[in-house]
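Reading through the structure tokens given below for one structure.
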Amino acid sequence: MREHTKTVRIGDRLIGGGNPILIQSMTNTPTEDVNATVAQILKLEQAGCEIIRCTVPTKEAAAALPEIKKQIHIPLVADIHFDYRMAIAAMENGADKIRINPGNIGDIDRVKAVVREAKDRHIPIRVGVNSGSLEKNLVEKYHGVTAAGIVESALDKVKLIEDLGYDNLVVSIKSSDVLMCVEAHEMLAEQTDHPLHVGITEAGTVWSGNIKSAIGLGLILSRGIGDTIRVSLTGDPVEEIKSAKLILRTLGLREGGIEVVSCPTCGRTKIDLISLANQVETMAAAYPLNIKVAVMGCVVNGPGEAKEADIGIAGGISEGLLIKKGQIVRKVPEAELLETLRYELDHWESE
């Protein structure tokens, strides 16, 4: 379905119309604190973030946007709640997109003012609806918070802005109920051709949030729905990017980056595989190689599994086999396994 959505330009990036799915995150620093906000965005960029959203609740936050933009390299989205004047100020100060819920910024004249500014500056509007703030009349109509209610709310707001003569829109509907969120996206994708930003809102901690996001985003994206994604986690935003990249790669929607596979260990494991696998995964994240690295714990299944990877290690007793492109290369003492892998990755491109 993604190839049938409209194309929207956000800064120097294009979404929709079959363009690659882009990864978003949101800063958790005070936007007014330029240094802290820039530092966090640069870390997120390095991790692979492609669009960043910052809250703009005050005039000071809006005024900080030009300086932030000077120092970053990805499009900046202004997150607006309640005060329509902040939406206008954010656009005046260079926001590449704004995120609003037209239902919480006031009467129609205020919505008109925001849309007029966006139209004059050709700035896309992300219309966001959250199940937690569904309008009372829709809760009553559908006897609770439902997928149908969320979709109707979103489409009402899209129509409101379209009726004002503007259709440069991205739509976002979110719920912490994973299956409700999936159902809502399926319904929405059939009723609009605007690009969709996809995420499971308030998913939880890095542990629980990753599981819920992987299931929800996996189901939605596998149906061909979604043009940008965010994995919402209670934790370091860098974790969101790492998770989003792995979800896209697992679904075959993105290439690049090392895939690390490792066995769950068993009583045959004679090396400290758990520690080694974690160190390998951390190390591998720094390499822009599109390869698979295997870290296996024993000589029963290890060599066979490692041979299916581009490079791998199969553990023995205080040592491991280095296996490269299906061939056993040599035995390596356990203490040298990590550095041996690092050397091989450092020299992989030269091969």
Inset, instruction - In Å³ and rounded to a whole number, note down the convex hull volume per residue for the Cα atoms of segment 210-351. - result: 129 Å³
Legend entry - Sequence ranges 60-67, 116-123, ranked by mean other-Cβ count within 10 angstrom, highest first: 60-67, 116-123
Legend entry - Prolate/oblate/rounded call for segment 175-232, Cα gyration tensor, a/c under 1.5 rounded: prolate
Inset, instruction - On each of the three principal axes of the Cα atoms of segment 124-188, give max minus min coordinate, whole Å, ordered largest first. - result: 33, 22, 17
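Calculate for the chain the 222 nm mean residue ellipticity that helices alone would give, adding -39,500 (n - 2.57) per DSSP H run of length 4 or more and normalising by residue count, nearest 500 deg cm²/dmol. Walk me through the intermediate numbers first.
Details: 12 runs with 144 residues, N = 351.
That calculation yields -12500 deg cm²/dmol at 222 nm.
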Inset, instruction - Output the Kirkwood hydrodynamic radius of segment 96-209, Cα pairs only, in Å rounded to one decimal. - result: 14.6 Å
Legend entry - Cα lying deepest toward the dipole's positive end in the chain, options I200, A36, A61, charges on Cβ: I200
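Express in nm, to one decimal, how much length is gained between Q191 and E339 on full extension, taking 0.36 nm for each residue of separation and deducting their alpha carbon distance. Let's see the in-between values first.
Working: separation 148, 0.36 × 148 = 53.28 nm, distance 5.34 nm.
Answer, rounded to one decimal: 47.9 nm.
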Legend entry - Span per principal axis, largest first, for the Cα atoms of the chain (Å): 73, 46, 32
Inset, instruction - Summarise the accessible area of the chain (1.4 Å probe, protein heavy atoms) by the percent that is carbon and sulfur. - result: 51 percent
Legend entry - Alpha-carbon radius of gyration plus Dmax, which is the widest Cα pair, for segment 194-291 in Å: 15.2, 54
Inset, instruction - Report the FRET efficiency, 1/(1 + (r/R0)^6), for K325 and V261, where r is their Cβ-Cβ distance and R0 is 22 Å, rounded to 0.05. - result: 0.90
Inset, instruction - Could you sort 86-98, 335-347, 286-298, 35-47 so that the peptide with the highest average Cβ count within 10 Å comes first and the rest follow in order? - result: 86-98, 286-298, 35-47, 335-347
Legend entry - Between segment 117-139 and segment 226-269, the alpha-carbon center distance in angstrom: 30 Å
Legend entry - Choice from G267, G218, G226 with maximal GNM fluctuation in the chain (Cα, 10 Å cutoff): G267
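With every protein chain present, what is the per residue accessible area of the chain (1.4 Å probe, Å²)? Provide the component values of the computation, followed by the final result.
Working: 15920 Å² over 351 residues.
Value for the chain: 45 Å² per residue.
Using 0.36 nm times the number of residues separating H73 and N137, minus their current alpha carbon distance, what extension gain do you get?
Working: separation 64, 0.36 × 64 = 23.04 nm, distance 4.24 nm.
Net length gain for the segment: 18.8 nm.
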Inset, instruction - Give me the compactness ratio for segment 23-152, meaning the Cα radius of gyration over 2.2 N^0.38 Å. - result: 1.13
Legend entry - Exposure ranking of D12, D310 by accessible area [1.4 Å probe, largest first]: D12, D310
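By its C-alpha gyration tensor, with a ≥ b ≥ c as the square roots of the eigenvalues, how is segment 1-60 shaped: rounded for a/c under 1.5, else prolate for a/b larger than b/c, else oblate? Please list the in-between numbers first.
On the way: a/c = 3.39, a/b = 1.99, b/c = 1.70.
Prolate shape, in that a/c is at least 1.5 and a/b is the bigger ratio.
Just the number, please: percent antiparallel of the DSSP beta bridges in the chain, rounded to the nearest 5.
30 percent
The values are calculated or read from the model by the stated rules, or taken from the named source; none is laboratory data. Because the structure is a prediction, the values reported are computed rather than measured. FYI the Cβ positions are ideal-geometry reconstructions off the backbone, even for glycines, and counts take in every protein chain you see. Accessible surface is based on the protein model in full, side chains and every heavy atom, while ligands, DNA and RNA are left aside. Shrake-Rupley method; radii C 1.70, N 1.55, O 1.52, S 1.80 Å.
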